[in-house]
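The values are calculated or read from the model by the stated rules, or taken from the named source; none is laboratory data. Given the structure is predicted, the values throughout are model-derived calculations rather than measurements. Note: ideal-geometry Cβ built from the backbone for every residue, glycine included; neighbour counts use all protein chains shown. Note: accessible area is taken over every heavy atom of the protein model, side chains too, but ligands, DNA and RNA are not part of it. Shrake-Rupley method; radii C 1.70, N 1.55, O 1.52, S 1.80 Å.
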Amino acid sequence: MSVEKKAREPCCSKLKMFLFAMSCVFFAKAFQGSYMKSSITQIERRFDIPSSLIGVIDGSFEIGNLLVIAFVSYFGARLHRPRLIGIGCLIMAVGSFITAMPHFFQGPYKYETTLSHSINPNGTESALPCLANGSLPQDDEASRADKQAECEKAAGSSLWIYVFLGNMLRGIGETPVMPLGLSYLDDFSKEENTAFYLACIQTVGIMGPVFGFMLGSFCAKLYVDIGAIDSDTITINYKDSRWVGAWWLGFIITGVVMLLAGIPFWFLPKSLPKQGKSEAEKKSNAQEGEQDTFIPDNNKQSSKPVEVSMRDMAKEFLPSLKQLFSSSIYILLICTSFVQINGFIGMITFKPKFMEQIYGQSASRAIFLIGIMNLPAVALGIITGGIVMKRFKINVLGAAKMAIVASLCAFCCMLVQYFLQCDNSQVAGLTVSYQGTPQVSYQQNTLISQCNTGCSCSLKHWDPICASNGMTYASPCLAGCQTSTGFGKDMVFHNCTCVGDSPLTHANMSAVLGQCPRKADCDFMFKIYMAVTVVGAFVSACGATPSYIILLRSIKPELKSLALGIQTLTVRTLGGIPPPIYFGALIDRTCLKWGSKRCGGLGACRIYDSVAFRNTFLGLIYGLYILSYLFWGVLYNRLSHRQKKLDLKNQLNQDDTARATNGSGKAPSAIIKCNENPDQETTI
């Protein structure tokens, strides 16, 4: 037979090895990134910094990405792409180890407390919550100065800079993974397989956050100085807002995983034969660059590729950049992406804190639930989107419709979340008065009441107790407690005068350590909230693969890697750096009680106004998503207009070919097939 048989692809081809390696590195980088997100609260408390500064630290990853991504995407596309990805993995592992370094330089963590201790005649120790005026121990000026210097040295509050630098280094190392890896895969795979391969990589990658959040939940339950102190002496547990988990341990684990994930890339070749080609075609195509897409390339030469020097590549950079940004569709894609990423990054960064403050969940439980419920739903959504694209061979315009519908459905789920609210925690002097009535505004003097004026209480510290009347007090002293029994977490306070003065008075005027739990109806509301977020996560993820395909199929082949790199650069710069900062700054404005640093000054926020927090957090997300839909509308209009032009051009070409063949009396079957399916060129 004259028709050449296509060579059967081996089960362990180098392309499949690359696909496996890419899946591993996507898992590892998602594992690292999600653990960083899950540790935000612990880092904030350990270094006593506000949410706005933690937003800067979180944005340092994008800052590192910004520094090198344009050059890596452009020059790296013509160099050894797998090896560059391997170098990036090594840099990310080093960045993770640097992030964990401050723990080994800092002294033991000392949480704020207002309790003073005394030794009873029988040798037992008891706490003295309420001290009479003037009975607090006084230090002379020299002693205070020595303690201040010692405190600043031990606290190491500026060591958060190491976390900033380590996260930035991770951003630099992550740079080559997506633009070079995805373009490499798209170059050497069948065109109809690209969407499915992308979905497979993203699905395996999304399992990284599942394990990352689970690791974050586990580490959040371990005390920061685990093994170095006696756990029986700690008076707080992992539900307390002063608790700091072993945040540093997870960064060491994620660094090792990333180190292992980068090993296969050092052994993969610079280029591969085109998938599905015959043996002769593979030989002629083995050294070619990027594959054709549905955009025609009339200037394509069949000659052998010529080695291009770095100098020539540099000269071509600016013209290529100009050509890329001359596409209105590409610009609209970038605008749509960075607006949606703003909302997503802000949401995922502070979602554990949102669940903690609105629904009374502990930080570790919030992180755990995100990991085992939301993220698997995202993975299922991504693979579903890829299967639908492959099964129905959806073209670029269909991909845009699919992405828009998925985003709108997810937005409806977010709107429902606004109505799933709980009341503020009842904290005397903050959210309610000491008489139980709602507090109109918070000031320092509202913490002082007639029932605790006889005590010399600190108004700066947060040391909450839960009284028998169901109300939380900022400290045992402010509750007017006179005596205590027990030790460590089992300490119980008695004869609390403020508890006796409240309208919900109890014969037993006692209190225990920690905040009071929320009402039972809040737990029910939280279950509905989790169900809604899981559905929203699945629907939103269904549009992830179509969005990638729109980008890959809407630009010229030779600009593919550069386009991916510039898109990642822009999205990371405008969509990754600002959101944690301005989300954090606005969330800080809803704080009711700031903690106090060991050496003086405001520390991390201990409790927020849950109603103001919810309005600020969800309001920002709603505004950003509505803006993204305006861009989606314009983008869809442009894609539709271009699709009509392409269809018209194809029809004219077919008519010309038909007339030519009819004139010679020959009508090949290929023309009949093309007429039956005029959209064939634009399918995926």
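Each residue of segment 316-326 in turn: what ³J(HN,Hα) in whole Hz from Karplus with 6.51, -1.76, 1.60 and θ = phi - 60°, glycine and Pro shown as x? My calculation for segment 316-326 gives 7, 5, 5, x, 5, 5, 5, 5, 5, 7, 7 Hz in order.
If a/c stays under 1.5 just call it rounded; otherwise compare a/b with b/c (prolate if a/b is bigger, oblate if not). Do that for segment 523-671, with a ≥ b ≥ c from the square roots of the Cα gyration tensor eigenvalues. Note, shape of segment 523-671 comes out prolate.
In terms of accessible area, using a 1.4 Å probe and ignoring ligands and nucleic acids, Val634, Val532 rank largest first as Val634, Val532.
Could you sort out which of Lys393/Lys556; Lys37/Lys460; Lys37/Lys239; Lys29/Lys527; Lys16/Lys322; Lys315/Lys390 sit more than 27 Å apart by Cα distance in this structure? Those over the limit are Lys37/Lys460; Lys29/Lys527; Lys16/Lys322; Lys315/Lys390.
For the pair Met373 and Ser326, the difference between a 0.36 nm per residue extended length and the Cα-Cα distance amounts to 12.7 nm. Just check segment 580-622 against the gyration tensor rule for me: Cα atoms, a ≥ b ≥ c as the square roots of the eigenvalues, rounded for a/c under 1.5, and otherwise prolate or oblate depending on whether a/b exceeds b/c. Note, shape of segment 580-622 comes out oblate. The slack in the chain from Phe20 to Lys401, taken as 0.36 nm per residue of separation less the alpha-carbon distance, amounts to 134.1 nm. Per-residue SASA remark: Lys110, around 120 Å² accessible (1.4 Å probe; ligands, DNA and RNA not included). When a/c is below 1.5 the answer is rounded, else prolate if a/b is larger than b/c, else oblate, so apply that to segment 530-580 with a ≥ b ≥ c taken from the square roots of the Cα gyration tensor eigenvalues. It comes out oblate by the Cα gyration axes.
Could you compute the net charge surrounding Val427? Neighbours are other residues with a C-beta less than 13 Å from the C-beta of Val427; K and R count +1, D and E count -1. Net charge in that neighbourhood comes out at 0. Only protein heavy atoms count here; under a 1.4 Å probe, Val204 has an accessible surface of about 60 Å².
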